[in-house]
Amino acid sequence: MSAITGAKRIVVKVGTSTLTHPSGHINIRLMEKLVKVLADIKNTDRELVLVSSGAIGVGMGKLGLRERPQTIPGKQAAAAVGQCELMYLYDKYFSEYNHTVGQVLLTRYSLDNAESSENVRNTFESLFGMGAIPVVNENDTVATDEIRVGDNDTLSAIVAKIIGADALVILSDIDGLYTADPAKDAAAVLVPEVREIDDALMATASGAGSSRGTGGMLTKLSAGRIATGAGADMYIVNGKNPDVLYDLLEGKAVGTHFIGRETL
Ligand code: GLU
């Protein structure tokens with residue numbers, strides 16, 4: 001049975017392409033469903049962190065921008081608008097199930113530096129102690145390219161490491177890791193389990209994500225290296241139906257399981 005059935009502290013990451021329609025506007029049905037499932041999982045006495053992308057994508061939708069802004073101030077302005085909207089919706093939906101969220105916006109500096117990452121860890125511990133659900137994103141309005149984490153796959157893995165999570169679940173727009181790109185190769189099959197993310201595996205992954213998000217399989221594999229290296233199991237599953245989280249927690253074989261070092 002998969003290790004996640006006993007996991008107590010879980011980080012769930014949802015990406016822009018899962019959370020938004022191609023128009024850039026929020027996929028309301030999906031977001032509501034996701035929050036409902038997460039609220040229910042939280043009710044089973046687990047500690048949850050939600051790492052949510054979508055600030056720039058949602059900001060684009062709200063501002064009526066057709067293209068992702070190219071300039072840094074443009075992206076930062078879109079993120080400033082979108083982050084508000086995201087938190088407004090998470091707060092509203094989680095409140096319906098009597099759960100409280102806290103917004104945690106992180107910068108690379110706050111994670112790289114020993115003292116500030118200890119502060120970050122303490123903040124998470126306090127939020128868990130208060131029964132709140134931290135909703136995390138990069139602080140896109142202040143981080144510039146040179147000092148950004150840059151993608152939320154990596155950010156979620158760093159968070160999982162700092163808080164000593166048992167599991168990291170990446171909700172993606174694909175069922176998991178495939179032997180080749182399934183959009184291009186009909187012979188591609190899903191890989192159910194990965195014991196080691198070696199350079200050969202990294203070389204098979206393509207970096208491209210969607211036009212609205214920044215992820216791709218490459219960032220997920222590097223996230224996997226961080227998370228599994230820290231002893232957390234990582235799972236990539238398809239987020240188009242958030243019920244997949246129930247399947248995962250019941251030990252059903254869904255997606256790709258990257259086995260954490262300590263459980264090997
Ligand atoms: N922090 C970015 C946002 O919320 C997303 C980064 C990513 O797509 O991984 O828009």
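Over the range 57-192, what per residue volume does the convex hull of the Cα atoms give, in whole Å³? It would help to have the intermediate numbers written out before the result.
On the way: hull volume 21.8 nm³, N = 136.
Hull volume over Cα atoms, normalised by residue count, gives 160 Å³.
What are the extents of the Cα atoms of the range 110-264 along their three principal axes, listed from largest to smallest and rounded to whole Å?
Principal extents (Cα only, largest first): 48, 38, 29 Å.
Ignoring ligands, DNA and RNA, please state the percent of accessible area on the range 123-264 from carbon and sulfur, probe 1.4 Å.
Here it works out to 53 percent.
Report the antiparallel proportion of the DSSP beta bridges in the chain as a percent, rounded to a multiple of 5.
15 percent
Would you kindly state how much longer the chain becomes between residue 243 and residue 261 on full extension, computed as 0.36 nm times their sequence separation minus their alpha carbon distance, in nm to one decimal?
Going from the current span to full extension adds 3.8 nm.
What helices does the chain have that are whole DSSP H segments, at least 30 Å long along their own axis by Cα, and with mean Kyte-Doolittle hydropathy of -1.0 or more?
Span-like helices, by this rule, are 72-96.
Mind grabbing the base-10 log of I(q)/I(0) for the chain at q = 0.10 Å⁻¹? Debye formula, identical points on the C-alpha positions, no solvent, two decimal places.
Listed by q, the Debye log ratios stand at -0.45.
So how strong a dipole does the range 121-261 carry about its Cα centre when Lys and Arg Cβ are +1 and Asp and Glu Cβ are -1, to the nearest 20 debye?
Here the range 121-261 has a charge dipole of around 120 debye.
At a Cα cut-off below 15 Å, give the aspartates and glutamates reachable from residue 62, other chains included and same-chain residues fewer than 8 away excluded.
85
Full extension from residue 128 to residue 70: what is 0.36 nm times the residue separation minus their Cα-Cα distance, to one decimal in nm?
Fully extending the segment from residue 128 to residue 70 adds 17.1 nm.
Once the Cα gyration tensor of the range 1-132 is found, what semi-axes does its equivalent ellipsoid get, as square roots of 5 times the eigenvalues, in whole Å, sorted largest first?
Gyration-tensor ellipsoid for the range 1-132: 27, 20, 13 Å.
State in Å² the accessible area per residue of the chain; use a 1.4 Å probe, count heavy atoms of protein chains only, and round to the nearest integer.
Here the per-residue accessible area is 46 Å².
Using a 1.4 Å probe on the protein chains only, how many percent of the accessible area of the range 49-88 belongs to carbon and sulfur?
Heavy-atom surface of the range 49-88 belonging to carbon and sulfur, 1.4 Å probe: 60 percent.
The values are calculated or read from the model by the stated rules, or taken from the named source; none is laboratory data. Bear in mind the structure is a predicted one, so any value in this text is a computation, not a measurement. Note: ideal-geometry Cβ built from the backbone for every residue, glycine included; neighbour counts use all protein chains shown. The area values use the complete protein model at the heavy-atom level, side chains included, leaving out ligands, DNA and RNA. Shrake-Rupley method; radii C 1.70, N 1.55, O 1.52, S 1.80 Å.
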